[in-house]
Amino acid sequence: MTNGEWLLLASLAAMALFIRLGGLYAGRYLERHAIGQAMFNAIPGCLLVALVVPDLLSRGVTGWIAAAITAVLMLVTRNMTVSMMGGVAAMALLRVAGIAA
Amino acid sequence: MNASLLSFDQMGRGARACLVPGLAVLVFSFVMGALAHQAHWSLPYLVAFCLGITGASVQAIALQMWSNSADLMPILVAGFAVHLRYALIAASLRGVLAELSFFRKAFALHMTSDSSWAMTIADERRNKGTTPAFLFGGSLVIISAYTLGNVGGYFAALDMADMRRWGLDFAILGVFLCLLIALWRSTRVDLLPWFVAALVACLTKNALSGGWYMVAGALAGALAAGAAALHADRKARAAAAAGGAGAVERT
């Protein structure tokens, strides 16, 4: 692992702790500003959407089917492990069945 | 009493509460370990990652973005963005951690995961007096499961062909999809920001190097959320000023 990669790890760890301590001590102040709070609350979801959508679009039909199965499982079970494994299994089965991509 | 993390009785309660989630974490982190092996992480690096940051989404982001380019900055920024929700998790634990010293607060917070947090909040609602040791005991179980699972998956040493055959290249995308579904609040609050985020990410994907398009999408979505909140706020003020009848929704 390069020095840069270790530095990344250290930075991520420091960042995580900073976020948590910040939330513990300053959470109250955020609650007072509706607009700031709206932006703050939106960031994690928006980042994940920005990651997921382009990725999904670049995959073929197998990816979309696996994604649909994952989504349905998550909505029904609310269990991340089960849903993820369901999508993974679907992907594996589709490939075994010879469906492309 | 509540100034200690080491009440074994309470730790035991917390640990038992997190046993079932811990099993799920074990399975899930096995996949993450296999992906880490694929990404050529060293074993010390993997273990340091598991112990240094509690939060599978950060590891998932790092693995997803690894070797997209030599630029590691987007991983830090994206990791920051996806981890922000832990600020709210920490804020909700203010009462539970109140009597701890600063360093114990920091340590307890560092160890807290989604599962141990959820179990602690549930215990607080049921028992009205959960302790930091409960949180700590549960957190120990989750982190142990997470690290052991990762190491197990790492040593399974699946190669790329195996990963694709077992569908494991879908794993991280699946995790993020599940997280999105868990994070969704309502159409009113999330639809516009998420649409904007997706649009901007897709449009900038080829224009921006490495993973920066994700950051661009996230920022655009957050700005859209802020704009929507501002608009709703102004509408509410105008309606209140006009003494309007009927329901006035505040964001």
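Taking helices (runs of 4 or more DSSP H) that fall entirely within chain A, which contain at least 2 residues that are in contact (Cβ under 8 Å) with a residue 12 or more places away in the chain and among the β-branched types (Val, Ile, Thr)?
Fully inside chain A and qualifying: A:61-77.
I need a count of the residues in region B:11-52 that are at pLDDT below 90, open to solvent by 40 Å² or more (accessible area, probe 1.4 Å) and under 19 Å from B:Asn127 (Cβ atoms).
So the answer is 1.
Name, by its number, the condition in (1) at pLDDT 90 or above; (2) open to solvent by 60 Å² or more (accessible area, probe 1.4 Å) that does not hold for A:Pro54.
Failing condition for A:Pro54: (2).
Which residues, counting only those in region B:170-187, are closer than 16 Å to A:Pro44 by Cβ and free of Cβ contacts under 8 Å to residues at least 40 places away in the same chain?
B:Leu177, B:Cys178, B:Leu180, B:Ile181, B:Ala182, B:Trp184, B:Arg185, B:Ser186 - these are the residues of region B:170-187 that are closer than 16 Å to A:Pro44 by Cβ and free of Cβ contacts under 8 Å to residues at least 40 places away in the same chain.
Would you pick out the residues in region A:18-51 that are more than 7 Å from every other protein chain (Cβ to nearest Cβ), open to solvent by 40 Å² or more (accessible area, probe 1.4 Å) and at pLDDT below 90?
A:Ala26, A:Arg28, A:Tyr29, A:Leu30, A:Glu31, A:Arg32, A:His33, A:Gln37, A:Asn41
Pick out the one residue from B:Gly12, B:Gly79 that is over 30 Å from B:Gly129 (Cβ atoms) and out of contact with any Phe, Trp or Tyr (no Cβ under 8 Å at 6 or more places or on another chain).
After applying the criteria, what remains is B:Gly79.
Answer yes or no as to whether B:Gly79 is more than 10 Å from chain A (Cβ to nearest Cβ) and either open to solvent by less than 10 Å² (accessible area, probe 1.4 Å) or free of Cβ contacts under 8 Å to residues at least 40 places away in the same chain (or both).
For B:Gly79, the condition - more than 10 Å from chain A (Cβ to nearest Cβ) and either open to solvent by less than 10 Å² (accessible area, probe 1.4 Å) or free of Cβ contacts under 8 Å to residues at least 40 places away in the same chain (or both) - is not met.
The values are calculated or read from the model by the stated rules, or taken from the named source; none is laboratory data. For clarity, every value in this text was computed on a predicted model and none was experimentally measured. Glycine also receives a Cβ, built like all others from the backbone with ideal geometry; neighbour counts cover every protein chain displayed. In case anyone asks, the SASA skips ligands and DNA or RNA and just uses the protein heavy atoms, side chains included. Shrake-Rupley method; radii C 1.70, N 1.55, O 1.52, S 1.80 Å.
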